[in-house]
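The values are calculated or read from the model by the stated rules, or taken from the named source; none is laboratory data. These numbers were taken from a predicted model, which means no experiment stands behind them. Methodologically, a virtual Cβ is constructed for each residue, glycine included, from the backbone with ideal geometry; neighbour enumeration extends over all protein chains shown.
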Amino acid sequence: MLPGKDSSCPIDPVRWVTKDLHSDSTFRSSRLFSRPPHLNSISCTPSELYIFYIKPAKLTYMAFTVSRSFVTRSSLRRLVWSRDYLHPRNRLLAESIRSYGSSSAKEQFKIRKINTEEEFKNVIVNWMVEEGWRPGLKDAECFLACDPRAAFVGELNGKPIACATMTKYAGRFNFGGCYIVSKEYREKGYGGMLYDVAMARAMPSRSIAIAGLLHLEELYKRKGFRSQFYGARFDLHPPTAITRFSEISERCHGPVNIKCTEEVDLQALFKYDAAVFGAERHAFLIKWFRIPGKHGRVAINSEGSIVGYTVARPSFVKKEGYKIGPLFADSEPIAEKLLKAVFEELLQEEPVPVVCIDALTKKAKEISEKLQGKKSFEIVYMVMYDLPDACFDKWFGMTTLELG
Ligand SMILES: CC(C)(COP(=O)(O)OP(=O)(O)OC[C@H]1O[C@@H](n2cnc3c(N)ncnc32)[C@H](O)[C@@H]1OP(=O)(O)O)[C@@H](O)C(=O)NCCC(=O)NCCS
């Protein structure tokens, strides 16, 4: 029997797993899990117990992998269960048989949390730079403020080789990102193991979303995600964009005032962001609005209500310029007006920086195209279970590809 929500007796996860594996004909050995697994950790040696991950306080989920000696066909089968795994929606289970031919008996792969900004920067941010994702200057600090327990690192014999984040928002909405395995360790199964742990963290979930690279769409579909929007990252050149703004400025009329983020009521801005983003994220935004060198603008209508806002933040690598995110607005003319205000400021810089924006929806892509943005790569916004409660209609630029 699987542990129930209100089960008062202590759960013996070893017995639980053993029992369930025995009911699966793929698994043969009666020696399974002869020693207790480490809680909240992943460890493996190819000849023994492979992976174990459990949240002991709530027993909300567990994930594990069993080594090749316990399964047929000299391969591994990975299982990820939420506690209520009999419910088809929660049953993530079921990675296919995978060969781990390259594992040596000495290898030990461990997955643990990243808790410090320093480590987040050294591992995740630097790898994002290598991947050409152009992280922002203070992403480590801001991402950890959003959810201090979201980041995982996978270490092979103590050396970091993989990372991923699974950010939890209120209302059981989760967003996965920063999914990277070091080049020389790819296609050996490490990414898959890390993926399972990140997904286990999201359980139980009402909604899980990711912004994946388009060429990985099939992979995520196999895992149960469905495609929602096809977007792209665009590089915008402020001097070119400004000329296009003057052509469209006729449409940017109306009594909308543009102010700096510092000049508006922060609570009102939080409220607007939560309504458009689909979840509250005050701790994150407080850091976001304080990023050194950022340009933040808010659009206010004649009634004094916020009708849009944007932030342009410097990239971690200075020569990579700025990143726009978010660009939320009630209408396209307002989005354009906000962008124009930011670009006018950026034109003062020497040399004028390049600016990138992640446009998800058709309307968002149209603005970037109108400003003669150059497509740098394509993304697909994918969702498992329900759609987040966001007003995607008002998304003219995603906040980040990593946090949603
Ligand atoms: C994507 C990535 C993290 C996968 O890590 P990995 O260790 O190579 O993955 P694994 O060997 O565990 O394989 C996991 C799954 O990914 C698939 N996969 C791995 N690389 C792939 C690729 N380039 N294209 C398509 N599928 C791929 C595998 O076939 C496997 O699928 P399965 O679970 O259905 O069998 C890794 O290739 C990477 O770091 N890529 C560069 C960064 C990146 O693009 N991140 C994803 C952003 S959306």
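Things to note:
- Filter result (touching a residue at least 40 places away in the same chain (Cβ under 8 Å) and within 11 Å of Tyr179 (Cα to Cα)) within region 192-206: Gly192, Leu194, Ala198
- Helices (runs of 4 or more DSSP H) lying entirely in region 136-239 (those with 2 or more residues that are among the basic types (Lys, Arg) and within 14 Å of the ligand (Cβ to nearest atom)): 217-223
- Test: Asp389 is in a loop (DSSP other than H, G, I, E, B) and surrounded by fewer than 19 Cβ atoms within 10 Å (Cβ to Cβ): yes
- In the set Glu303, Glu262, Glu217, only one residue is under 15 Å from Val383 (Cα atoms) and of a type in the set (Asp, Glu); that residue is Glu217.
- Scan of region 123-180 for residues that are of a type in the set (Gly, Ala, Ser) and crowded, with 20+ Cβ neighbours inside 10 Å, ordered by number: Gly136, Ala140, Ala150, Ala151, Gly154, Ala162, Ala164, Gly176, Gly177
- Listed conditions (1) farther than 22 Å from Lys294 by Cβ; (2) in a helix (DSSP H, G or I); (3) at pLDDT 95 or above; (4) more than 14 Å from the ligand (Cβ to nearest atom) are all met by Ile248, apart from (3).
- None of Lys318, Lys365, Lys340 is over 20 Å from the mean Cα position of the chain (by Cα) and free of Cβ contacts under 8 Å to residues at least 40 places away in the same chain except Lys318.
- Residue check, Ala335 touching a residue at least 40 places away in the same chain (Cβ under 8 Å), touching a Leu at 6+ places or on another chain (Cβ under 7 Å) and small (Gly, Ala, Ser): yes
- Scoring Tyr381 on the criteria (1) more than 16 Å from the chain's Cα centre (by Cα); (2) within 20 Å of Gly176 (Cβ to Cβ); (3) buried (at least 24 other Cβ atoms within 10 Å of the Cβ) leaves a single failure, condition (1).
- Test: residue in region 113-131 that is away from the ligand (no atom under 16 Å from the Cβ), more than 23 Å from Phe270 (Cα to Cα), touching a residue at least 12 places away in the same chain (Cβ under 8 Å) and among the basic types (Lys, Arg): yes
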